[in-house]
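So the structure is just underneath, and the comments pick up after that.
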Ligand SMILES: [Zn+2]
């Protein structure tokens, strides 16, 4: 398991390092997928690097390192997208890799103060990036997203989204807007994306979704009216399905897969 306390000081030889090159998690060809490195291996293979503190992985101080893509040797290293590791590696290890990925991206994207333009540096015990000039503190940004299954009797509403991974039908989802509750976001998204009203919104569970920094908040909602009308922009197709008539579905590693499975099981009970 990963503890979120921030290790202080530079890494020691046996400390744990999550290695990325841009979007890809970098593994050693001889190690199991998603395994972190030791700091002495990183230094030997890639040289001394800047590190981002991540926490403690199995009681060992853990850091993240971002490589230039040309440092990756295709004969010795395996680049894997974080998404491809979901469900293939242990959940706790995936969470740790996801946290490392998000912290690296956050540091890469916030090297300068958004208010005065000065250089930032780690502050607040490694949890934030502080501006030395105006003292603005910036913390890693999470984007709350609602993801919800609309039910109508024994049927569930599934939709094909208009983005590159959508080879399957899934639940609806959308970002929570400033000033909005999760329930209001669900009502708005249901109407905008497929033209239906919903009621009786019930919380299910949540999932950290580091692609690149969402917190997915899962809900069930009941159909309450309206004609199914995909917006043609975010949603290409949408329809009502039941347990005997299902399209290709998202994997059970995602909260959408879990919502669908749970929603159908409840209906059959
Ligand atoms: Zn500043």
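The values are calculated or read from the model by the stated rules, or taken from the named source; none is laboratory data. What you see is a predicted model, and the numbers here were worked out from it, not measured in a lab. Virtual Cβ from ideal backbone geometry, glycine too; neighbours counted across all protein chains shown.
Couple of notes before you dig in:
- Subset of the stretch 204-243 [at positive phi and out of contact with any helix residue (DSSP H, G or I) (no Cβ under 8 Å at 6 or more places or on another chain)]: 225, 232
- Scope the stretch 91-111; condition over 15 Å from the mean Cα position of the chain (by Cα) and touching a residue at least 40 places away in the same chain (Cβ under 8 Å); matching residues: 107, 108
- In summary, residue 149 fulfils each of the numbered conditions (1) assigned by TED's automatic domain parsing to the domain that holds residue 23; (2) farther than 17 Å from residue 6 by Cα with the single exception of condition (1).
- Within the stretch 114-145, tally of residues that are in contact (Cβ under 8 Å) with a residue 24 or more places away in the chain and either within 16 Å of the ligand (Cβ to nearest atom) or in contact with a strand residue (DSSP E or B) (Cβ under 7 Å, 6 or more places away or on another chain) (or both): 8
- Residue 80 away from the ligand (no atom under 16 Å from the Cβ) and not assigned by TED's automatic domain parsing to the domain that holds residue 255: yes
- When the stretch 1-15 is filtered for residues that are farther than 11 Å from residue 56 by Cα and touching a helix residue (DSSP H, G or I) at 6+ places or on another chain (Cβ under 9 Å), the ones remaining, listed by number, are 10, 11, 12, 13, 14.
- Residue match in the stretch 222-232 (condition: within 30 Å of residue 87 (Cα to Cα) and surrounded by 14 or more Cβ atoms within 10 Å (Cβ to Cβ)): yes
- For residue 77, the conditions (1) surrounded by 19 or more Cβ atoms within 10 Å (Cβ to Cβ); (2) without any contact (Cβ under 8 Å) to a residue 12 or more places away in the chain are fulfilled apart from (2).
- Among the residues examined, residue 41 does not qualify as at negative phi, surrounded by fewer than 19 Cβ atoms within 10 Å (Cβ to Cβ) and modelled with pLDDT under 95.
- Selection status of residue 88, assigned by TED's automatic domain parsing to the domain that holds residue 37, more than 11 Å from the ligand (Cβ to nearest atom) and not in a helix (DSSP H, G or I): yes
- Any hit, the stretch 209-218, residues being outside any helix (DSSP H, G or I), under 15 Å from residue 158 (Cα atoms) and outside the structural domain of residue 91 (by TED's automatic domain parsing): yes
- Residue in the stretch 155-168 that is exposed (fewer than 15 other Cβ atoms within 10 Å of the Cβ) and either modelled with pLDDT of 95 or more or assigned by TED's automatic domain parsing to the domain that holds residue 25 (or both) present: no
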